[in-house]
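Shown next, in structure tokens, is the structure this report addresses.
The values are calculated or read from the model by the stated rules, or taken from the named source; none is laboratory data. Because the structure is a prediction, the values reported are computed rather than measured. Here Cβ is always computed from backbone atoms with ideal geometry, including for glycine, and neighbour counts include all displayed protein chains.
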Amino acid sequence: MLSTLRKPEFLKLYSIPLISVSIGSMSNSIAILYALDLGASILQVNLISTVRSTMAILLLIPFGILSDRYGRKPMILYPRAIMFIGTLIRVFARTPQHLIIASVVGGFSGGSYFPILLSMIADISNEKEQREGISTLFLFSSVGMVVGPSLAAFQLLNPQTTMRNIYQITAIAELGALLYLALIIKETNPTEAEEKTDFIPQIKQLISKTSFQGLFVVAFLYSFYHSIFRTYAPIYGRLNLGLSDAQIASFSTYRNLGVMLIRLSLATILTSSSISGFLVFVLVLGGVVGLLVSFASNYLFMVLILFLVGVSFGAFRILTSTLVANNSVPENRGLANSLLNFSQSTGNLVNIFTSSMVDTYGLIPVFLLGGFTCLSAIIPTLRAKLGR
């Protein structure tokens, strides 16, 4: 890890997720509570959470292609600008419909630009630096994931601070982040606009590989499981456990602390174990803690569960991103990362169909469904021999 931290070109890229994830996780930690306070139903909460992923499905692959053809920097600047507009809408929101509109606007950002960052790290890495670069990028991201919710929870301890105030703070911070990206970050994949590449054969080539097929199925199943936790854990904390807003906002802190700790040690773990073997362990861990939610009766138990969910999620993202990097080349790397993100976004989208299940049976059966779904992802992992 020390070798890339000594290089300014790596440090500039590492700073992007540290800044942007700190900002985003601050607002995300209160997003569902904010929607509930504005009178949102379970279906509206799911719409707010998934409509952006739905729109991103249509844009993820084009964005990956555009980053390969025209360069990476424009494809990280554009999403930040759109996200800033979405945050402004949330600042002035008065009804759940306004939050749905903000999610629609956010959908035009093309979803997460993390695939572009992963491609940028791969662009400037040699073979020895690649795994370290990916792990360190995720580590900086996980630090931001802890900082953001912690700041939100700390601010909510002050009775004078409202959730709308937190969105006002994030809007100002996002404007600063946009200026930083425009002025400091340099292009890592300069290309000529007139160069034309037919990406249809490359898409067919990627999805025809058994390893990629298995990877996409695993990403879909795991994202569905994880979206259940992200959506329903705050609702469970408020309705079933009667926790305060500050305690619920801290859920993200403890979950993201698990993400950060596993990413600190994952590079060392992978030197002595296969990716496929560790991926199976990560899926088992995620599935088991998903099933344990039915026993969560207090704040501390819920915090422990969310911490373990974070460990599973943090390892999963690095493992799948490393598999993509190992099985792609610069000419199709942006496309390959976008296809992976496409699978993840589709899994997030499916969560909207659990709304009626919650209304009819409550939250516990949905958490059980998520746990069994995560465990089922072990099958394609072994069949496709991922990481071997």
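Observations on the model:
- Only one of the listed residues (Ser29, Ser25, Ser3) is in a helix (DSSP H, G or I) and either among the acidic types (Asp, Glu) or at pLDDT below 85 (or both). That residue is Ser3.
- Residue that is modelled with the highest pLDDT [pool: residues in the stretch 107-116 that are assigned to a helix (DSSP H, G or I) and crowded, with 24+ Cβ neighbours inside 10 Å]: Ile116
- Residue pairs meeting the criteria (Cβ under 9 Å; at least 6 apart or on separate chains; first under 13 Å from Ser27 (Cβ atoms), in the stretch 130-152; second aromatic (Phe, Trp, Tyr)): Pro149/Phe251; Pro149/Tyr254
- Take the conditions (1) touching a Ser or Thr at 6+ places or on another chain (Cβ under 6 Å); (2) of a type outside the set (D, E, K, R); (3) surrounded by 19 or more Cβ atoms within 10 Å (Cβ to Cβ); Ile166 misses just one of them, which is (1).
- Options Tyr34, Tyr70: the member that is closer than 22 Å to Ala182 by Cβ and either modelled with pLDDT under 80 or among the hydroxyl-bearing types (Ser, Thr, Tyr) (or both): Tyr70
- Test result for Gly144, within 15 Å of Arg317 (Cβ to Cβ) and at pLDDT 85 or above: yes
- When the criteria are applied in full, Ile235 fails the requirement of being β-branched (Val, Ile, Thr) and touching a Phe, Trp or Tyr at 6+ places or on another chain (Cβ under 8 Å).
- A single member of Arg90, Arg131 is out of contact with any Leu (no Cβ under 6 Å at 6 or more places or on another chain), over 28 Å from Asp245 (Cβ atoms), assigned to a helix (DSSP H, G or I) and of a type in the set (Lys, Arg), and it is Arg131.
- Boolean, Leu308 is closer than 20 Å to Pro149 by Cβ, surrounded by fewer than 24 Cβ atoms within 10 Å (Cβ to Cβ), more than 21 Å from the chain's Cα centre (by Cα) and modelled with pLDDT of 75 or more: no
- Meets criteria (more than 25 Å from Leu369 (Cα to Cα) and among the aliphatic types (A, V, I, L, M)) for Leu279: no
- Flag for Val311 being farther than 16 Å from Arg230 by Cα and assigned to a helix (DSSP H, G or I): no
- Taking each residue of the stretch 155-174 that is free of Cβ contacts under 8 Å to residues at least 40 places away in the same chain and looking for partners that are crowded, with 19+ Cβ neighbours inside 10 Å and small (Gly, Ala, Ser) with beta-carbon atoms closer than 9 Å, six or more apart or interchain, yields Gln155/Ala249.
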